[in-house]
């Protein structure tokens, strides 16, 4: 599965979840840790959204239509 987005706020996660569901895209979402902050780095929890590789382009287009910015994620 490919990571497509990390929602940092619940409202943002619910909005993306709604957009993907309405579009019929199958996805997975799970809470996970990420580093955030500018002056004071801290570990935070976000909602990580994943799609199957075959749905990646469609998911990106849905995200663009709903005002989300897609970022390439390089997973180890």
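Structural remarks
- Selection count, the range 31-68, where residues are within 15 Å of residue 9 (Cα to Cα) and within 10 Å of the chain's Cα centre (by Cα): 5
- Residues in the range 27-76 that are loosely packed, with under 13 Cβ neighbours inside 10 Å and closer than 14 Å to residue 1 by Cα: 28, 30, 53, 54, 57, 72, 73, 74, 75, 76.
Read the figures in this text as sums done on the coordinates, not as results from a lab. Note that the structure is a prediction, hence the values are computed from the model and not measured. Cβ sites come from the backbone with ideal geometry, for glycine too, and all protein chains shown count toward neighbours.
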